[in-house]
1. Place a +1 charge on the Cβ of each Lys and Arg in the range 264-348 and a -1 charge on the Cβ of each Asp and Glu, then give the dipole magnitude about the Cα centre in debye, rounded to the nearest 20.
2. Please identify the GluC sites (Glu not before Pro) of the range 560-615 that satisfy two criteria: DSSP loop assignment and at most 13 other Cβ atoms within 10 Å. Which are they?
3. Between residue 587 and residue 113, what is 0.36 nm times their sequence separation minus the Cα-Cα distance? Round to one decimal in nm.
4. Taking the Cα-to-Cβ direction at residue 97 and at residue 544 and moving 7 Å from each Cα, how far apart do the two end points lie in nm?
5. Is there a pair in 252/293; 230/412; 106/168 whose C-alpha atoms are over 26 Å apart, and which pairs would that be?
6. Tell me, what is the percent relative contact order of the range 253-413, built from C-alpha pairs under 8 Å that lie six or more residues apart?
7. Quick one: Cα centre-to-centre distance for the range 280-353 and the range 612-633, in angstrom?
8. With a bin width of 10 angstrom, please list the P(r) values of the range 116-182 as percents of all Cα-Cα pairs, from the 0 bin to the one holding the largest distance.
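The values are calculated or read from the model by the stated rules, or taken from the named source; none is laboratory data. Quantities reported herein were computed from a predicted structural model and do not represent experimental measurements. Here the Cβ is made from the backbone with ideal geometry for all residues, glycine too, and neighbour counts use every protein chain on show. Side chains included, ligands, DNA and RNA excluded: accessible areas come from the protein's heavy atoms. Shrake-Rupley method; radii C 1.70, N 1.55, O 1.52, S 1.80 Å.
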Amino acid sequence: MQTRKKYIFLTFLASWLLLFFFGGDQLRRFAFFSGRKAEARRSWPRWTDRSLLKSFADPEELQRDGDPSLPSPRERRAARLSVYRSGRCRMETCFDFSRCERHGFKVFTYPRERGQPVSETYGKILSSIERSRYHTAKPEEACLFILGIDTLDRDHLSGHYVRDVDQKIRGFPLWNGGRNHLIFNLYSGTWPSYTGDLGFDIGQAMLAKASFDSRSFRPGFDVSIPLFSKEHPQRGGDSGRLSQDSVPPRKKYLLVFKGKRYLTGIGSGTRNALHHIHNGEDIISLTTCKHGKDWEKHKDTRCDKDNVDYERFDYQELLHNSTFCIVPRGRRLGSFRFLEALQAACIPVLLSDGWELPFSEAIDWGRAAVLGSERLLLQIPSAVRLIHPERVLAFQQQTQFLWDAYFSSVDKIVHTTLEIIKDRLSPHRSRSRFLWNSLPGGLLVLPDFSTHPGDFPFYYLQHGYSPSKKFTAFIRAASQSGSLSQPILRLIQAKPPPPSGKWPQSTVPLSIIQGRGKLSDRFFPFEAIQTDAVLSLDEDSSLSSSEVDFAFLVWCSFPERIVGFPTQSHFWDPEQGRWGYTSKRTNEISIVLTAAAFYHRYYHSLFTEYLPAGLRELVDGLAACEDILMNVLVAAVTKLPPIKVTQRRQHREGTAAGRRFSQRQDCLNQLGNWFGYMPLVSSRLRLDPVLFKDQVSVLRKKYPSLEKP
């Protein structure tokens, strides 16, 4: 048995020796032994080999093997890791929640560096924060810190590139490794790779960054913001371009693109292929090579013809007359075209693989954009043709809502960023995606008031909710509460309690405040106000009980609006170049004075907590301005005018009417300057008790969104 085993072993050993001596050359060619795995790849066809791989594109359009301008996947990954060394950061691990417990969500901006000017855009961002309700001048009160160093443009070829940022921030006593810091950035990396490299170590800081790559984005920690130009308005901003008469929603063109074509380098692949979907009829896809200093050196056979076709169409004309707009990646993932398409109600068709869309934590982009793939470009035309017109209209309406709510100004972009971070501090009291993606938007829905849609006036009619059937009379008295003027006493006495001792259903709990405090205190969210409806009265108001009952009935049908008796109107005076104010009876009204008016109690919270302190101080410095500001606030939120109800006895403002008129006109113009536009909406809504049902029917036809489901 032992001898047999010995022969088997010797035979096996001899076989291996023979194989090694006579077949060694062949074995050494195996990648397994040599370790040269790259050799195995060479058996695959090259991308430009026409005989092996048929393509719809010309060989010179395709990525060349060994193109030195394109980094390898390993190099791109190394670049991402070098930028985000704290790649595992989350709010729970890299944010100190204790800093936010005592003073709430307060933001401190570092003082500007001497001799180091900031760009116009970064100046707008800092100004948005410093003018907001979040700002504090005391670092010990701050929950979040913003650098005074301009970090927006981190392309070292740019004139706005700030050098030695690492050295500077390490010298800041508050830096603390970046903890509780937010860094804004629009441009990162440079030619040829355009990586996310910021040129300094961000530590544990959060990033609010444009063109965010989803592979380096830290969910629940970073915030993706849109790329916007230096001309983007600080506040206000232009409205969306969707007109009320744009039904059916189809426009002259179905799908358009007009922009640069990169001949080489990153971002060139998709734009080089866009000409394949152009049909010259309802699909217009135009590119030009004529950009950059040395474009002629790289021009291909298509450049001359493309440049001629490119000049035949106006970009703005295409943008505003197309149903869909292609938004491909540029050198970076994001582009200005994205916001331009949103404003124009041209549904964005996104071709930028790996782009973390702006505010994706809150916004449902599937309701406002078509999320395409760069690899499936040729399928885009047929895909958008299949979208039903009703769906197209819904897309267009959502683009207008998102543009107006979050993107139309630098203020809104910055405030949305901060509110998303604020929601993370108290997840149990944060806004739902429904509130972020429904009118009037997350910025105007305060979670400290409520997170349930049924508690806000905007969702009653659309979602089947209804306000409570009681109201609170809120009387601002200039005299002592014990000596109210006779008209108010008559109003209260006209509603005696029944024999049961309980007031009628619509009758009021009564709250009286003295007029000796600040004017803005009139709209403080007092705990005594528990009903949805508030009847705001001055002590000299004169109303009958039937007039109050009718006004309350009207308000229950329009709970998001101000419904009242004394009205005024505004107009633009071209000769004076300013807003005018009139109390004369005209065909249109835009202001209902809160001397006798119903509105929802939520507007007290919005007035006190949403408006910045500087705006309330402006009101306190101008007598009779709080009425205007409340109307401006409600109009800015709802985009709807107030409603006047008829009154037998006309409201008069007494001996000081002339002085109040002048003060209100000054107030109107200062508010217009503050907001950057005039939010007030003019209307002819006058409701009479006899015609009320017919008038409401007409209004519901005019505003279909008011229909109950």
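1. So the dipole magnitude of the range 264-348 works out to roughly 520 debye.
2. Counting only loop positions with at most 13 other Cβ atoms within 10 Å, the GluC sites (Glu not before Pro) in the range 560-615 are 575.
3. Full extension from residue 587 to residue 113 adds 165.2 nm.
4. In this crude spin-label approximation the distance works out to 5.9 nm.
5. Correct reply: 252/293.
6. 21
7. The distance from the Cα centre of the range 280-353 to that of the range 612-633 comes to 45 Å.
8. 18, 47, 32, 3
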